[in-house]
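Heads up: the structure comes next, in C-alpha cells.
The values are calculated or read from the model by the stated rules, or taken from the named source; none is laboratory data. All values reported here derive from a predicted model rather than from experimental measurement. Every residue, glycine as well, gets a Cβ built from its backbone with ideal geometry; the counts of neighbours run over all protein chains shown.
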Amino acid sequence: MEREGFDYDLYSETDLHFDRLPLESYDVLVLNLHSEYWSPQMYAHVKKWVYEQGGRLMYLGGCALYAEIEFQDDATMLCRREGEYTLRGESEANLLGVAYTHSGFSTGAPYRVLNDNHWIFADTGLNNGDLFGMRSLHERCPGGASAHELDKISADSPKNIVHLAKGTNPEDAGADMTIYDTPSGGSVFATGSLCWTLSLPVDDGTSAVTRNVLRRFLESKT
C-alpha cells in the first residue's frame, strides 16, 4: 500500500465485530491472508455493506470465513467446528464468491490468465494462458502465489461471478481468482489463496492486478 501510494487504516477483526469499524466511512475493505474465524455479526455487517450500500471488498487471502466463532470479549472467542455456519446460515461463497476446499492443500503454483479482456488485466501485459504469480515469500509451500490454502468457485457462488484466473496447482486444485458486482454498486474481488499477499512484494503480475483493482474500486466510488 505504501509503495503504491495508497492511504489506509488498519483494523482488527474484533473492531469489526464490536462495531468499531465504520464501514460506511470507507470505499474499500481489504481482507488479508487468513481471515478464517468470523462471527455471524461480522459476516452480516460486511454482506449488508456490499449488497445494500455499494461497498467494495477485496479478499486477498484463502480459507476465510470458514469457521464460525462467538466473541465473549476482546480477548476471548469460542470457535465452532470448521465448515459449520449454523448461525450465519449460508456458505461464505455467497459473500466472497469463492469457498475453501481442501484440494490442493500445501501445494504452490502460479496463476493462469483466463479472461484477459477484463479491465483487471489492463496494462499488465498479461494475456490468456499467461502465467503470473510465479514467486512468493512463503517458504513452506513454494511454487507461486496460488498456495497453501485455496478457495474455489462453488454452487453457492453468485450467478454473475466472473472467473479471471486459476492457480495451476496439481489436479486442477488451484485457487480461483474472481470478481462479481452487486445491484447496489458493490463489488467483490477474490484471489482465493493464502499466499497472494506473500507474492505482492516480489511478483510484478500479482502487484499489477492488485493495483488495478484497488484503483478501480476507489475511482468508481468518487
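Does Asn117 satisfy the condition of being free of Cβ contacts under 8 Å to residues at least 12 places away in the same chain and more than 20 Å from Leu200 (Cβ to Cβ)? Against the criterion (free of Cβ contacts under 8 Å to residues at least 12 places away in the same chain and more than 20 Å from Leu200 (Cβ to Cβ)), Asn117 qualifies.
Only one of the numbered conditions (1) under 25 Å from Glu149 (Cα atoms); (2) in a helix (DSSP H, G or I) is violated by Lys48, and that is (1). Within 25 Å of Tyr66 (Cβ to Cβ), surrounded by fewer than 17 Cβ atoms within 10 Å (Cβ to Cβ) and touching a Leu at 6+ places or on another chain (Cβ under 7 Å): does that describe Leu198? Considered against the rule, which asks whether it is within 25 Å of Tyr66 (Cβ to Cβ), surrounded by fewer than 17 Cβ atoms within 10 Å (Cβ to Cβ) and touching a Leu at 6+ places or on another chain (Cβ under 7 Å), Leu198 comes out as no. Please determine whether any residue of the stretch 126-133 is polar (S, T, N, Q) and over 18 Å from the mean Cα position of the chain (by Cα). Yes - at least one qualifying residue is present in the stretch 126-133. The C-beta contact set for the stretch 15-42 (first residue farther than 16 Å from Val98 by Cα and free of Cβ contacts under 8 Å to residues at least 60 places away in the same chain, second residue basic (Lys, Arg) and surrounded by 20 or more Cβ atoms within 10 Å (Cβ to Cβ), distance under 7 angstrom, 6+ apart or interchain) comprises Pro40/Arg88.
What tally of residues in the stretch 65-87 results from selecting those that are under 16 Å from Tyr100 (Cα atoms), part of a loop (DSSP other than H, G, I, E, B) and in contact with a Leu (Cβ under 9 Å, 6 or more places away or on another chain)? Talk me through it step by step, then tell me what you get.
The initial filter retains those residues of the stretch 65-87 that are under 16 Å from Tyr100 (Cα atoms), namely 65-68, 81-85.
Retained after the next criterion (residues that are part of a loop (DSSP other than H, G, I, E, B)): 65-66, 81-85.
Subsequent filtering for residues that are in contact with a Leu (Cβ under 9 Å, 6 or more places away or on another chain) retains 65, 85.
Number satisfying all stated conditions: 2.
Of all the residues in the stretch 45-84, those that are basic (Lys, Arg), modelled with pLDDT under 95 and surrounded by 14 or more Cβ atoms within 10 Å (Cβ to Cβ) number 1. Quick check: is even one residue across the stretch 190-201 in a strand (DSSP E or B) and in contact with a strand residue (DSSP E or B) (Cβ under 8 Å, 6 or more places away or on another chain)? Yes: the stretch 190-201 contains one or more residues that are in a strand (DSSP E or B) and in contact with a strand residue (DSSP E or B) (Cβ under 8 Å, 6 or more places away or on another chain).
Take Ala173 and decide whether it is touching a helix residue (DSSP H, G or I) at 6+ places or on another chain (Cβ under 9 Å), crowded, with 16+ Cβ neighbours inside 10 Å and touching a residue at least 12 places away in the same chain (Cβ under 8 Å). Spell out the reasoning first.
Details: touching a helix residue (DSSP H, G or I) at 6+ places or on another chain (Cβ under 9 Å): no; crowded, with 16+ Cβ neighbours inside 10 Å: yes; touching a residue at least 12 places away in the same chain (Cβ under 8 Å): yes.
No.
Taken across the stretch 88-98, residues that are modelled with pLDDT under 95 and surrounded by fewer than 16 Cβ atoms within 10 Å (Cβ to Cβ) do occur, with at least one present.
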